[in-house]
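Asks: Please read through the structure below; I'll follow up with questions.
Laboratory data are not the source of any read-out in this text; all were calculated from the coordinates shown. These numbers were taken from a predicted model, which means no experiment stands behind them. So basically every Cβ, Gly included, is an ideal-geometry build from the backbone, and we count neighbours across all protein chains shown.
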Amino acid sequence: MSEDVRKIGGKPAHVYTCQEVAATVEDFLDQECTTEVRAMLEEHVDACPECFERLGVERELRLLIKQSCSPKSTPRELREKVIAKLQMIHIEGCTP
Ligand SMILES: [Zn+2]
């Protein structure tokens, strides 16, 4: 009857909230989460532009840090820009 209950692999899927996505995004990017968690997170991100953008910014930030090896050599303006963007998303997006 309830067709709006989404299922993954026959089991009822827990749909992540924005807060849960925010808490899991680091593990996701580090690939330290389980396949189940990945699937749930990806499903939420597919449907939630705010979290999609957050994930993109997190990934971008990580790439920047990785590329520059040490925080000292990261262009300060660029770092601040990315961090400011992250904070903006945090404030604007994901209202309960
Ligand atoms: Zn979300």
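Asks: When the chain is fully extended, how far beyond the present Cα-Cα distance does Ala23 get from Ala47, taking 0.36 nm per residue of separation?
Replies: Difference between extended and current length: 6.9 nm.
Asks: Another one. Packing-wise, with mean Cβ within 10 Å as the measure, how do 45-52, 76-83, 34-41 rank, highest first? Before the final figure, lay out each step's value.
Replies: On the way: 45-52: 15.6, 76-83: 12.4, 34-41: 14.1.
My ranking of the peptides, most packed first, is 45-52, 34-41, 76-83.
Asks: While we're on this one: Fully extended, how many nm does the chain gain between Ile65 and Val15 (0.36 nm per residue separation, minus their Cα-Cα distance)? Don't skip to the end; give the middle numbers.
Replies: Working: separation 50, 0.36 × 50 = 18.00 nm, distance 3.08 nm.
Result for the pair: 14.9 nm of gain on full extension.
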